[in-house]
Amino acid sequence: MKKSRLGKLSRYLIGAAALVTATAPANAALTFNLTYIPGTSVQAQNAFQAAAARWSAVFTDNITINLTVGTAALGTGILGSTASSASFYSYSSFRAALAADATSADDASAVASLATGSTFNMLLNRTSNNPNGAGSATPYLDNDGDANNQTVRLNSANVKALGTNVAGTVVGACTSACDGSVTFSTLFDFDFDPSDGITAGQFDFVGVATHEIGHALGFVSGVDILDINSTGTFFPDNAFTYATSLDMFRYSAASCQQGVVDFTADTRAKFFSIDGCATQGPGFSTGRTWGDGQQASHWKDNLGIGIMDPTAARGELLSISENDLRAFDVIGWNRAVAVPEPATWAMMIGGFGMIGAAARRRRSKTLAAA
């Protein structure tokens, strides 16, 4: 059964800010302030509200996320698209905020795995100053401490989860400052009620909406910026200041040997780890251009890892998995339920099955900045 792709790469917006942590009150709850583009059906509005309620049920962060929702004729094979407000922060302030926000055993492991000090190191490739040659696919250790080793790029919703109240910016269809803008394709048939399963030949609207909200909440990777900006024209390493909170837990076998995260665009396997490679979690997609054909801002396709998989099939019921929850937990979201021990990774990864293929999307050929 053929699948269509979920999720468009979030926009990347430059902003100057500092992370200041705050303590959430007891019995906190995540809420959503939703604005709908004229013409969005009541049926779609109700289904999107149901998707937002899913995230509210699993996170206790006492914050409000502002999203604008609408429909449009998107590109071939694209079910939904999300533009997210984001800003740049120093790595040291990010790590401090993550440590202050820690509430679970997974959080403690994740913070302990991060490099101390003001910089983090990475495996990198396809840059103009790659020591193996300009644009070389061969990974190299980038530990020179310049801009891309000092900077993380965080979605405003993720920043709010870490305890800083930010206004967001105007992105996508938003007419005022927001945290994200979600658009659904008008070119597909959707089933708006998953309570009785998903009708054959239709896509799970609530599931797609849940996925797109997940991107706004911070399930994104700056590797996508490297991936689409390494075809003919190459840029120096310090131009790629797009490592996200999720990228702090992105590894490969080669990066584990060096004790650094993996920020490369290629077909080598990349995976999620919250303890600096001691435990290997589920796999990530590796890039539309130079990787496996799917954006790096997703789990590995066709393994049923979670709601943040890159594709969905007609008739498929989509839901948030334990893998999803652990990923959001360690980037700053506070879970409403306990986290299982790392030994359960294999069972969680192997407990799902999906098949399908996805068509390609058009690519940007300029450095996606500002």
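The values are calculated or read from the model by the stated rules, or taken from the named source; none is laboratory data. Only a predicted model underlies this, so the values are computations on that prediction, with no experimental measurement involved. Positions of Cβ are backbone-derived with ideal geometry, glycine not excepted, and every protein chain shown enters the neighbour counts. Surface accessibility is based on the protein's heavy atoms, side chains included, excluding ligands, DNA and RNA. Shrake-Rupley method; radii C 1.70, N 1.55, O 1.52, S 1.80 Å.
Return the residues of segment 296-324 that are closer than 23 Å to D247 by Cβ and among the charged types (D, E, K, R); say none if nothing qualifies.
K300, D301, D309, E322, D324
Suppose we keep only residues that are under 14 Å from the mean Cα position of the chain (by Cα) and closer than 14 Å to S252 by Cβ within segment 292-309. Which one would you say is most open to solvent (accessible area, probe 1.4 Å)?
K300
If you take the residues of segment 318-333 that are assigned to a loop (DSSP other than H, G, I, E, B) and in contact with a strand residue (DSSP E or B) (Cβ under 6 Å, 6 or more places away or on another chain), which of them is surrounded by the fewest Cβ atoms within 10 Å (Cβ to Cβ)?
Result: L318.
Picking from T244, T289, which residue would you name as being of a type in the set (V, I, T) and open to solvent by less than 10 Å² (accessible area, probe 1.4 Å)? First the steps, then the outcome.
Numbers: T289 fails: open to solvent by less than 10 Å² (accessible area, probe 1.4 Å).
T244 is the lone residue from the list that is of a type in the set (V, I, T) and open to solvent by less than 10 Å² (accessible area, probe 1.4 Å).
Can you go through A47, A53 and tell me which one is at pLDDT 95 or above, closer than 13 Å to I213 by Cα and touching an Asp or Glu at 6+ places or on another chain (Cβ under 9 Å)? Reasoning before the result, please.
Working: A53 fails: touching an Asp or Glu at 6+ places or on another chain (Cβ under 9 Å).
Answer to the check: A47.
Answer yes if at least one residue in segment 101-115 is closer than 30 Å to T186 by Cα, hydroxyl-bearing (S, T, Y) and open to solvent by 50 Å² or more (accessible area, probe 1.4 Å), and no otherwise. Quick ask: steps written out before the conclusion?
From segment 101-115, those closer than 30 Å to T186 by Cα are none; that's our starting set.
No, segment 101-115 contains no residue that is closer than 30 Å to T186 by Cα, hydroxyl-bearing (S, T, Y) and open to solvent by 50 Å² or more (accessible area, probe 1.4 Å).
Within segment 277-310, work out how many residues are among the charged types (D, E, K, R) and touching a His at 6+ places or on another chain (Cβ under 8 Å).
Kept after step one, since they are among the charged types (D, E, K, R), are these residues of segment 277-310: 288, 292, 300-301, 309.
Of the ones still in play, those that are also touching a His at 6+ places or on another chain (Cβ under 8 Å) are 309.
Looking only at that region, the number is 1.
What residue, of D179, D189, is of a type outside the set (S, T, N, Q) and open to solvent by 10 Å² or more (accessible area, probe 1.4 Å)?
Values: D179 fails: open to solvent by 10 Å² or more (accessible area, probe 1.4 Å).
The conditions single out D189.
Answer yes or no: is there a residue in segment 195-203 that is of a type in the set (F, W, Y) and open to solvent by 30 Å² or more (accessible area, probe 1.4 Å). If you could, list the steps in order and put the result at the bottom.
Taking segment 195-203 as the starting set, the residues that turn out to be of a type in the set (F, W, Y) are 203.
With the extra rule that they be open to solvent by 30 Å² or more (accessible area, probe 1.4 Å), the set shrinks to none.
For segment 195-203, residues of a type in the set (F, W, Y) and open to solvent by 30 Å² or more (accessible area, probe 1.4 Å): absent.
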